[in-house]
Amino acid sequence: MFGGKTERMIAVLREAVGAGKRVMAFKHVIDDRYDPEHLVTHRNETFDAIRVPNADAILKMVMNGSGVKADFIAVDEGHFFKMPLIPVVKTLLEKGVSVIVAGITNDAWGRPFEPMPQLTEMADRVVVKQAPCRVCGNPAAYTQRITQINTLHMVGGLSDYEPRCGEHFTPFPGPPEHR
Ligand SMILES: [Zn+2]
């Protein structure tokens, strides 16, 4: 969402395509900002993406009998897939598929945003891209929600969120949404 993570993902995917890998990129059906059929950066770079309703659908799309149809898969906004993404990623890794997941690590209440912490533990490499805090310019670990929301799954536009550091982050008021 901020910090150039989609830019980074698209760059990695293009490199994999250039190296002759079979690449598939996925996004959640909830994420219909801009262009539903592509990963899109805020600078309008795109990469074809398959929209799926859940993590199991990713597995179904990639598996081909006992083989696989991709060498490299990408999942954007991994937090939308919640915990079922973990076993799917494990299965694909066991099949020799490289997996890259982008997502935000803290929700609007400041809580770790599952399954990103669990994926971080499984990862060979973690790239933390942090945008500058809108208040002080320090690296921002949090996403400040600045408009009213009704559900954790509302994606919102750029105007609904601001990157904030720990000092300038205010958890969203009210009891955290149960998930
Ligand atoms: Zn700050």
Next item on the list: Return the total of residues in segment 65-110 being part of a loop (DSSP other than H, G, I, E, B) and over 16 Å from the mean Cα position of the chain (by Cα).
Entry: 10
Check: Would you say N106 is over 24 Å from P139 (Cα atoms) and among the polar types (S, T, N, Q)?
Finding: no
Checklist line | Hits in segment 47-106 - residues which are small (G, A, S) and surrounded by fewer than 19 Cβ atoms within 10 Å (Cβ to Cβ) | finding: A57, G65, S66, G67, G96, S98
Item checked: Condition check for G137: more than 19 Å from the chain's Cα centre (by Cα), modelled with pLDDT of 65 or more and at positive phi -> yes
Check: Based on what the data block shows, is E167 closer than 25 Å to I100 by Cα, within 11 Å of the ligand (Cβ to nearest atom) and either surrounded by 14 or more Cβ atoms within 10 Å (Cβ to Cβ) or modelled with pLDDT of 75 or more (or both)?
Finding: no
Notebook entry, point to check: From the set of residues in segment 7-28 that are under 13 Å from the mean Cα position of the chain (by Cα) and under 26 Å from T91 (Cβ atoms), which is modelled with the lowest pLDDT?
Noted result: R8
Next item on the list: Please enumerate the residues belonging to segment 115-134 that are of a type in the set (D, E, K, R) and either over 16 Å from the mean Cα position of the chain (by Cα) or modelled with pLDDT of 75 or more (or both).
Entry: E121, D124, R134
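The values are calculated or read from the model by the stated rules, or taken from the named source; none is laboratory data. Just so it is clear, the model here is predicted, and its values are computed rather than measured. We place every Cβ from the backbone using ideal geometry, glycine too, and count neighbours over all the protein chains shown.
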